[in-house]
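The values are calculated or read from the model by the stated rules, or taken from the named source; none is laboratory data. Predicted, not measured: the structure shown is a model, and the values here were computed from it. So basically every Cβ, Gly included, is an ideal-geometry build from the backbone, and we count neighbours across all protein chains shown. These area figures cover heavy atoms from the full protein model, side chains too; ligands, DNA and RNA do not enter into them. Shrake-Rupley method; radii C 1.70, N 1.55, O 1.52, S 1.80 Å.
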Amino acid sequence: MMDLTSYERKKSKIVKNIESYVSRLKRCKKTSDSVKLPINFNEYINRLEGVLKSLLDDKVRVSVIAEVSNGKSTFLNALIFRDKILEARIGETTARLYHISYGEKYAIKYKDSVKEFDNLEDIKNFIKEKNTLSEKLGT
């Protein structure tokens, strides 16, 4: 098992290597602008920059999939929120897909829109409102 220090050291080495490759590709692209080469340097540069962005993004993404009433909400409340943010009761309480993130601001991505909140209590109320509305509409 790798400790955090080893992980950071290895990640740093990989980031430096990728940055070096990107730099080389950019130099080759400048040279190739005067000579027609069958290589799309921009494509490779963009791909590597995407890999770099992913490596530098230390967000943890958690998905929990299980049958109805098997403790998904309870598990996420305990693991992530340490508070009862997601409703946990018998029935389809997590039948909707939410993307919840927080940092300086709390945000929920629900369907095709993102809504920001000032605190966890507002998130709790938003989710409860959506669940209640969905139950009433049968969706």
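Taking strands (runs of 3 or more DSSP E) that do not extend beyond segment 97-139, which have at least 2 residues that are within 22 Å of R61 (Cα to Cα), of a type outside the set (K, R) and at pLDDT 75 or above?
Hits in segment 97-139: 106-110, 113-117.
Give the residues of segment 11-64 that are over 30 Å from F75 (Cα atoms), in contact with a helix residue (DSSP H, G or I) (Cβ under 8 Å, 6 or more places away or on another chain) and not in a helix (DSSP H, G or I), sorted by residue number.
I39
So which residues in segment 6-53 are aromatic (F, W, Y) and open to solvent by less than 80 Å² (accessible area, probe 1.4 Å), if there are any at all?
F41
Name the single residue that is farthest from the chain's Cα centre (by Cα) among those in segment 15-54 being modelled with pLDDT under 90 and of a type in the set (V, I, T).
The selected residue is V35.
So in segment 55-85, with the set limited to residues that are more than 28 Å from E121 (Cβ to Cβ) and loosely packed, with under 10 Cβ neighbours inside 10 Å, which one is nearest to the chain's Cα centre (by Cα)?
Checked segment 55-85; the qualifying residue nearest to the chain's Cα centre (by Cα) is L56.
Is there any pair with a first residue in segment 46-75 that is more than 30 Å from K13 (Cα to Cα) and a second that is in a loop (DSSP other than H, G, I, E, B) and among the basic types (K, R) whose Cβ atoms are under 9 Å apart and which are 6 or more apart or on different chains, and what are they?
S69/R89; S73/K84; S73/R89; T74/K84
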